[in-house]
Amino acid sequence: MSAGAKPAKERKSAESARAEKPLPEKISGTDVAMRKELLRSMLLQRRFEEKCAEAYALGKIGGFCHLYIGQEAISTGTMSMLRPDDYVITAYRDHGQALARGISPRAIMAELFGRADGCSHGKGGSMHIFDSATNFLGGHGIVGGHVPVAAGVGFAIKYKDGDQVCVCFFGEAAVNIGAFHEALNMASLWNLPVIFIIENNRYGMGTAISRSTANEDVIVRAKGYRMIGESVDGQDLFAVRDCVGRAIERGRKEKRPTLIELRTYRFMGHSMSDAVAGTYRSREELEENMKRDPILLLHQFMHEHDELSEGELSKIDDDAKAAAQDAWDFADASPEPAPEELWTDVLAESES
Amino acid sequence: MAVMTYREALTSALREELARDDRVFLMGEEVAQYNGAYKVSKGLLDEFGPRRIVDTPITELGFAGVGVGAAMVGLRPVVEFMTWNFALLALDEVVNAAAKMLYMSGGQYKMPMVFRGPNGSALQLGAQHSQAWESWLAHIPGLKVLTPGTPADAKGLLKSAIRDDNPVVFLEGEMLYNTKGEVPEEDYLIRIGKADLKREGEHCTIVTHGKMVLVAMQVADALAKDDISIEVVDLRTIRPMDVEAIAQSVQKTNRAVVLEEGWEICGVGAQVVDFIQRECFDDLDAPVIRVHQEDVPMPYAKNLEKAAKPDAAKTIAAVRKVMYLD
Ligand SMILES: Cc1ncc(C[n+]2csc(CCOP(=O)(O)OP(=O)(O)O)c2C)c(N)n1
């Protein structure tokens, strides 16, 4: 789809736009109601993380905090294709994916605040969101470390004769680490239903991909492991859905893994302690990429097809803001973990 | 003497050694264009160029191995790990290659290299990013393991490490980078393997190293108000350990507390206590007590993290116990 990045004022009337672009019944499996839902999902992530930045500045969130802003079409697009019994595993940039997977904003924010009601009871923090109820197998802090873990989940699915898939997210810089290669080889060798998603936002911290990766065309690595590889525009929600959809089919039916590259851009610094622009990437480059804000693109598409009134948009956005504020209030009111929690969860209770 | 930060002290050590010996180069993630994740290599790319200051992909195992290979054939690599948590991925090259090369080759291949980077916890970085590794690394024959706690020690020891013909593990305190201290102006080295008496005292010895030196000094200040006189022995080098310095102090004070950042079981303190019982059995007036991180992975929540870490209050309690005051 081409959303056409025209500002709203220059746009033709909704009537004539509709006449020009007849809308197919379904676009990558979505109808109007679902598109509204997808927009809601992305806006929730955006508003939630804007609150995170605020909370970080106030010291309510500590440690490392990596925002996902700019990449929301990937989380929303992917999660909207999954079944509840599928599995998701990711790295430290995990808030958006956790929200899109359906973990409650309250539980995530409480985790970020280090409180007892957090989804990891305050023990994990921003980088380590886990939620067994949604098969969200965690945010992981060591680059590439979770990629073989995803292969292990795929191994278990196949072992138990299941038809789920495991989706594994990581950044483009992770493709240079040994664990990535070892995992892809095993996943293909053993026909494991794993979908490896490279979120190529072009920078690993301050290092542009051209300075870290001998062949910038990262998707060719699929070939080295006899795996199907697909590379699509990660800012285009529909393209993400279609591509992930094909990979899910392949995983469920053929038990084959897929490597996907989703081309995207992060609109914030690497973490809260990194400059947004001006050091390793220019302000112009950032602004150019912000024109392809995935939320803006979906909104424009819906607006052009007269699917969303301004009133509806504000309502969705207001609801997202309210949910983020509610998460904040809930987290703020949640108690610190009880002191004895320090000693729990070190080992599972097991007598043998 | 000039006052500088621990970070600046490290930078100046690197700068001086890079200038002194063309075989020395610095390699690691974000060390060049980004000026270092913790800015220890700030300005070095401009000064020495990309041949000497080398940005790597995120491939710890790979570039540690590159360092080993370069050291085998005559270079003197300084390999920076963004933090030691990520160095776990490189341990095969550190332990199986660097530490054993000289021995396996019957003395033919030296390993004049340094593996360095921030070690230990900072604030609320959670379980995977808050770990002190000195006891792991000090376990390995063939390595030297350094843990400077002050800017002057950081500079002198890093220069010595770079000039040493052995693989040196150099553990910097992530929370120490901004701390300030006096650093000699002249070119100086600090002998590897020599502890430093950071404070003289009579009643009890605190044996410690790295970031915990600051805590020990605070404890000594606080207890001085109660007329308890603390002697602080800063190990500075964990391997080889300065047994003589420990023994001398404990023979004088007859009491010891061993303070470290890492976990208890098989920790550095366990080794110190072993040396004390061997060398000072008849001198001890009380059992030695250890202060360390609680035996749990580091939690994220502020209150739990504080409870997990060794600190001045826990150390004071240990000293009082060793002195039979409580
Ligand atoms: C093994 C390892 N080395 C270094 C780091 C420090 N680090 C954290 S994120 C990061 C950059 C990763 O970039 P990328 O994989 O592209 O993901 P992005 O942050 O862009 O989402 C680095 C170097 C780490 N966490 N783990």
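The values are calculated or read from the model by the stated rules, or taken from the named source; none is laboratory data. No experiment lies behind these values; they were computed from the predicted model shown. Here Cβ is always computed from backbone atoms with ideal geometry, including for glycine, and neighbour counts include all displayed protein chains. The area values use the complete protein model at the heavy-atom level, side chains included, leaving out ligands, DNA and RNA. Shrake-Rupley method; radii C 1.70, N 1.55, O 1.52, S 1.80 Å.
What the table shows:
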{"item": "Positions within segment A:181-199 being part of a strand (DSSP E or B) and either out of contact with any helix residue (DSSP H, G or I) (no Cβ under 9 Å at 6 or more places or on another chain) or more than 14 Å from every other protein chain (Cβ to nearest Cβ) (or both), in sequence order", "result": "A:V194, A:I195, A:F196, A:I197, A:E199"}
{"item": "Single unsatisfied condition, B:M1 versus (1) of a type outside the set (K, R); (2) modelled with pLDDT of 95 or more; (3) open to solvent by 50 Å² or more (accessible area, probe 1.4 Å)", "result": "(2)"}
{"item": "Those residues of segment A:190-230 which are out of contact with any Phe, Trp or Tyr (no Cβ under 8 Å at 6 or more places or on another chain), more than 13 Å from the ligand (Cβ to nearest atom) and open to solvent by less than 10 Å² (accessible area, probe 1.4 Å), in sequence order", "result": "A:P193, A:V194, A:I195, A:A222"}
{"item": "Test for A:Y87: is it within 16 Å of the ligand (Cβ to nearest atom), open to solvent by 20 Å² or more (accessible area, probe 1.4 Å) and within 20 Å of the chain's Cα centre (by Cα)", "result": "no"}
{"item": "Failed condition for B:K159, given (1) outside any loop (DSSP other than H, G, I, E, B); (2) open to solvent by 10 Å² or more (accessible area, probe 1.4 Å)", "result": "(2)"}
{"item": "Filter result for B:G65 (more than 24 Å from the chain's Cα centre (by Cα), away from the ligand (no atom under 13 Å from the Cβ), of a type outside the set (D, E) and within 14 Å of B:V114 (Cα to Cα))", "result": "no"}
{"item": "Residue match in segment B:41-53 (condition: within 16 Å of the ligand (Cβ to nearest atom) and in contact with an Asp or Glu (Cβ under 6 Å, 6 or more places away or on another chain))", "result": "no"}
{"item": "Flag for B:A286 being crowded, with 21+ Cβ neighbours inside 10 Å, farther than 18 Å from B:D234 by Cα and either small (G, A, S) or away from every other protein chain (no Cβ under 14 Å) (or both)", "result": "no"}
{"item": "Residues of segment A:59-84 classified as more than 11 Å from the ligand (Cβ to nearest atom) and assigned to a loop (DSSP other than H, G, I, E, B), total", "result": "12"}
{"item": "Single condition B:V322 does not satisfy, out of (1) free of Cβ contacts under 8 Å to residues at least 40 places away in the same chain; (2) closer than 23 Å to B:D196 by Cα", "result": "(1)"}
{"item": "Test: B:V31 is in a loop (DSSP other than H, G, I, E, B), within 16 Å of the ligand (Cβ to nearest atom), more than 14 Å from chain A (Cβ to nearest Cβ) and surrounded by 21 or more Cβ atoms within 10 Å (Cβ to Cβ)", "result": "no"}
{"item": "Residue in segment A:158-165 that is more than 18 Å from the chain's Cα centre (by Cα), more than 8 Å from chain B (Cβ to nearest Cβ), assigned to a helix (DSSP H, G or I) and hydroxyl-bearing (S, T, Y) present", "result": "yes"}
{"item": "Matching residues, segment A:131-142, being farther than 11 Å from A:R93 by Cα and within 12 Å of chain B (Cβ to nearest Cβ)", "result": "A:I142"}
{"item": "Meets criteria (among the hydrophobic types (A, V, I, L, M, F, W, C), more than 30 Å from A:G59 (Cα to Cα) and open to solvent by 40 Å² or more (accessible area, probe 1.4 Å)) for A:L137", "result": "no"}
{"item": "Selected residue (criterion: farthest from the chain's Cα centre (by Cα)) from residues of segment A:134-156 that are in contact (Cβ under 8 Å) with a residue 12 or more places away in the chain and away from the ligand (no atom under 16 Å from the Cβ)", "result": "A:F155"}
{"item": "Selection from segment B:125-141 of residues that are part of a loop (DSSP other than H, G, I, E, B) and open to solvent by less than 40 Å² (accessible area, probe 1.4 Å)", "result": "B:L125, B:G126, B:S130, B:A132, B:W133, B:I140"}
{"item": "Subset tally (residues that are over 18 Å from A:S212 (Cβ atoms) and facing chain A (nearest Cβ under 10 Å)) for segment B:57-91", "result": "2"}
{"item": "Filter result for the condition that a residue is within 16 Å of the ligand (Cβ to nearest atom) and in a helix (DSSP H, G or I), over A:L313, A:L286", "result": "A:L286"}
{"item": "Filtered residues of segment B:142-154 (kept if outside any loop (DSSP other than H, G, I, E, B) and in contact with a Pro (Cβ under 8 Å, 6 or more places away or on another chain))", "result": "B:K144, B:A152, B:A154"}
{"item": "Hits in segment A:231-273 (condition: surrounded by 22 or more Cβ atoms within 10 Å (Cβ to Cβ), in a loop (DSSP other than H, G, I, E, B) and small (G, A, S))", "result": "A:G234"}
{"item": "Answer from A:F130, A:F170 - the residue that is aromatic (F, W, Y) and open to solvent by 10 Å² or more (accessible area, probe 1.4 Å)", "result": "A:F130"}
{"item": "Residue in segment B:289-308 that is farthest from the other protein chains (Cβ to nearest Cβ), counting only those that are open to solvent by less than 40 Å² (accessible area, probe 1.4 Å) and within 21 Å of the chain's Cα centre (by Cα)", "result": "B:V291"}
{"item": "Residues satisfying the stated conditions in segment A:97-113, i.e. under 20 Å from B:G126 (Cα atoms), of a type in the set (A, V, I, L, M) and within 9 Å of the chain's Cα centre (by Cα)", "result": "A:A98"}
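Quick grid of which residues meet (1) within 14 Å of chain B (Cβ to nearest Cβ); (2) open to solvent by less than 70 Å² (accessible area, probe 1.4 Å); (3) farther than 26 Å from A:M268 by Cβ; (4) not in a helix (DSSP H, G or I):
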{"residue": "A:D319", "(1), (2), (3), (4)": "no, no, no, no"}
{"residue": "A:D332", "(1), (2), (3), (4)": "yes, yes, no, no"}
{"residue": "A:P335", "(1), (2), (3), (4)": "yes, no, yes, yes"}
{"residue": "A:V346", "(1), (2), (3), (4)": "yes, yes, yes, yes"}
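Condition check ((1) more than 16 Å from B:A318 (Cβ to Cβ); (2) within 14 Å of the chain's Cα centre (by Cα)) across all residues:
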{"position": "B:T208", "(1), (2)": "no, yes"}
{"position": "B:Q218", "(1), (2)": "no, no"}
{"position": "B:D234", "(1), (2)": "yes, yes"}
{"position": "B:R239", "(1), (2)": "yes, yes"}
{"position": "B:V250", "(1), (2)": "no, no"}
{"position": "B:N254", "(1), (2)": "no, no"}
{"position": "B:V258", "(1), (2)": "no, no"}
{"position": "B:C266", "(1), (2)": "yes, no"}
